[in-house]
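Working notes, structure below.
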Amino acid sequence: MKTTVEISDALLREAKRVAARDGTTVRALIERGLRQALEEGKRSSRFRLRKASFRGKGLQPSLRGASWRRLRELACEGRGG
């Protein structure tokens, strides 16, 4: 498919230089760059929850059965939340 892409003159000059040096085409460089960028986007969009556990004995007895709202209030207390 043909399309038009505007890039800076300096970038195009560099791409032509690299393509000539590597014995390839600017088109091939652009396609390779797009594939790499798209693949990186797939990898970085995956969310992984980091391990955030700590040693302790769980909730204090006075907070057992407390609502999430109450626990959140206590966790954010004094932090502007």
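Among L29, L11, L59, determine the one that fluctuates most according to a GNM of the chain built with springs between C-alpha atoms less than 10 Å apart. Largest GNM mean-square fluctuation: L59. For the residues A52, A28, A37, a GNM of the chain with alpha-carbon springs under 10 Å puts the largest fluctuation on A52. Each other residue within a Cβ distance under 13 Å of R70 adds +1 if Lys or Arg and -1 if Asp or Glu, for a net charge of +1. Compute the longest continuous run of the chain that contains no exposed trypsin sites (Lys or Arg not before Pro); treat a site as exposed when its DSSP state is not H, G, I, E or B and it has at most 12 other Cβ atoms within 10 Å. In short, 3-45. Ordering I7, I30 from the fewest to the most neighbouring beta carbons within 10 Å gives I7, I30. A simple charge model with +1 on the Cβ of Lys and Arg, -1 on the Cβ of Asp and Glu and nothing else charged puts the dipole of the chain at about 640 debye relative to its Cα centre. Here V5, V18 are placed in order of increasing Cβ neighbour count within 10 Å, fewest first, which gives V5, V18.
Every read-out reported here was derived from the displayed coordinates using simple, explicitly stated rules and does not represent laboratory data. Being a predicted model, the structure only gives us computed values, none of them experimental. Quick reminder, even Gly has a Cβ in these numbers, built from the backbone with ideal geometry, and neighbours come from all protein chains shown.
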